[in-house]
1. What accessible area per residue comes out for the chain, rounded to a whole number of Å², with a 1.4 Å probe?
2. Compare the peptides 40-47, 79-86 by average per-residue count of other Cβ atoms within 10 angstrom and give them in order, highest first.
3. In the chain, carbon and sulfur make up what percent of the accessible area (probe 1.4 Å)?
4. From the alpha carbon gyration tensor of segment 64-118, can you work out the equivalent ellipsoid semi-axes (sqrt of 5 times each eigenvalue) and give them in Å, largest to smallest?
5. Quick one: what does P(r) look like for segment 32-92 with 10 Å bins over all Cα pairs, in whole %?
6. For segment 90-141, what is the per residue volume of the convex hull drawn over the alpha-carbon atoms, in cubic angstrom?
7. Go through the cysteines of the chain and tell me which have no other cysteine Cβ under 4.7 Å away.
8. Note down the magnitude of the dipole of the chain about its Cα centre, charges +1 on Lys and Arg C-beta and -1 on Asp and Glu C-beta and zero elsewhere, to the nearest 20 debye.
Amino acid sequence: MNSVATARARSGPPRWFVLWMGFLTCVVAVLCAALCWELASFGDHFTKVLLWVGLSVASVVALLFGVIGLIRYHTIQLSLAVPLSITALAALVWFEVPQEAGWQVSRGILEDQSIDCANPGPRTRLGVYTIIAITPRDGGCLFYVLGTSKVSEGFAYFPPENAPPSLGPPAERGVEYRPYDGRWYRFVDSS
């Protein structure tokens, strides 16, 4: 009996465990990448919630099997892959790396489009953003990224000769502009 246990310990974890942990690690990595994309592209709230729930479930299952792997099979690398992935995702989200990366990728394309400020049609992809509408307003060019029947959000570009009419919340229904990056502003349109 003792020699069987020693042989099993030397041969490593069972194949099913290695495959299962590899599968869970891949699922968590794909969910992390999809969540980073949704955060970078200002994806819809429902998709983000689904990704967070899926990531939570997959992570809990992987962590439970990781603890079993650490205790029973002494598999440090397999057991730490998911916690390290979640830690990396948390750091990226905390420091807003997906949002900044999405902005850096899309900024030049949006600047080119702001010259004409013509609406290319509904739901156009510019960079990583899905643009619902483009419209000239208040001397600038507004790119609507998110929108509902009551409130819309997006990016606004004001050329050097123009400035936004006012920063901060509007007196009544209107557009709230917040500085974002140089001549670029984030806006919330509640009109």
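1. 59 Å²
2. Top to bottom by mean Cβ count within 10 Å: 79-86, 40-47.
3. Exposed carbon and sulfur together represent 65 percent of the surface.
4. In descending order the semi-axes read 44, 9, 7 Å.
5. Over segment 32-92, the share of Cα pairs per 10 Å bin runs 22, 44, 24, 9, 1 percent.
6. In segment 90-141, the Cα hull volume divided by residue count equals 88 Å³.
7. So far as the 4.7 Å Cβ criterion goes, Cys26, Cys32, Cys36 stand without a partner in the chain.
8. Here the chain has a charge dipole of around 1120 debye.
The values are calculated or read from the model by the stated rules, or taken from the named source; none is laboratory data. Values in this document were obtained by computation on a predicted structure and should not be read as measured data. Cβ atoms come from the backbone with ideal geometry, glycine included; neighbour counts cover every protein chain shown. The protein model used for the area step is the full one, side chains on, heavy atoms only, and it has no ligands, DNA or RNA in it. Shrake-Rupley method; radii C 1.70, N 1.55, O 1.52, S 1.80 Å.
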